[in-house]
Amino acid sequence: ALEHFTLNFTITNLMFTRDLETPNSAKFHSTEKIMQHYIEPLLRRSSIGPQFSGCKVTGFRPGRRRDDTGVDAICSYKDGASLARFDREQVHQELSTMTKGGTRLGHYSLDQNSLYVNG
């Protein structure tokens, strides 16, 4: 069985545009692919890595500042005996460490206080 968790963060150097709000726009699809390119390898290296099955961006939203874009995703993992339990705090800590304290995702800058796992 697949279990799901949410992943949210804010990019501070990606200007939000209205076409990011439209799930079938070219901009939404290309930005979603880029986010998956950066997020999925991190989760594969985390404690849920062997059970991790993928993430889907559910939306982009305007941030507080002009160059901020919020990212909302739902990620999945196989719930099985080999994963004692999903530890939200542990996964958050691992992602925070792998993103340089919650500040870098590839060439994107993150709002240091914006990373949430199931929060």
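The values are calculated or read from the model by the stated rules, or taken from the named source; none is laboratory data. All values reported here derive from a predicted model rather than from experimental measurement. Neighbour counts are summed over all protein chains in view; Cβ atoms, including those assigned to glycine, are modelled from backbone coordinates with ideal geometry. Heads up: the accessible areas ignore ligands, DNA and RNA and are worked out on the full protein's heavy atoms, side chains in. Shrake-Rupley method; radii C 1.70, N 1.55, O 1.52, S 1.80 Å.
Data for the structure
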item	result
Structure-based [θ]222 nm, the chain - -39500 (n - 2.57) summed over DSSP H runs of at least 4, per residue, nearest 500	-8500 deg cm²/dmol
FRET efficiency, 1/(1 + (r/R0)^6) with R0 30 Å, evaluated for residue 21 and residue 44 via beta carbons	0.55
35, 15, ranked by accessible area, largest first (probe 1.4 Å)	15, 35
Cα-projected label distance for residue 4 with residue 100, points at 7 Å along beta-carbon direction, nm	3.3
5 Å binning of all Cα-Cα separations within the chain, expressed as whole percents from 0 upward	2, 12, 22, 25, 19, 11, 6, 2, 0, 0
Per-residue HN-Hα couplings for segment 104-119 [Karplus 6.51, -1.76, 1.60; θ = phi - 60°; Hz; x = Gly/Pro]	9, 9, x, 8, 8, 9, 10, 5, 4, 9, 10, 7, 10, 10, 6, x
Relative contact order (%) - criterion: Cα under 8 Å, at least six apart; region: the chain	40
C-alpha long axis of helix 26-44 to longest principal axis of the chain, angle in °	30
Heavy atoms of residue 58 accessible to a 1.4 Å probe, total area in Å² rounded to 10	80
